[in-house]
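Below is one structure; the comments refer to it alone.
The values are calculated or read from the model by the stated rules, or taken from the named source; none is laboratory data. Values in this document were obtained by computation on a predicted structure and should not be read as measured data. Note: ideal-geometry Cβ built from the backbone for every residue, glycine included; neighbour counts use all protein chains shown.
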Amino acid sequence: MTADARSDASPAALAVEELREQFPGVPLWFGLHTRMFWALVRVADSPRLVEAITPQELATAIKAPWWPWPSQ
């Protein structure tokens, strides 16, 4: 995202861009209808959808050693 695009972007779009920089290769997005942050992560060779209220919560879930939660 360019500097001009960043100045015009919503706070959610900026947060997603920061998450994408932090977790390259992980599909991340903000749901306009759900108003939640989402990521598609791999756990034991299976894709898992992660939902979070805040970008910080999503980052914690992506890098948590205890993922998936709840433990199975």
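Brief remarks follow.
- Entirely in the chain, the helices (runs of 4 or more DSSP H) that have 2 or more residues that are modelled with pLDDT under 80 and loosely packed, with under 11 Cβ neighbours inside 10 Å: 3-8
- Only residues that are farther than 12 Å from Ile62 by Cα and hydrophobic (A, V, I, L, M, F, W, C) were counted in region 15-36, giving 6.
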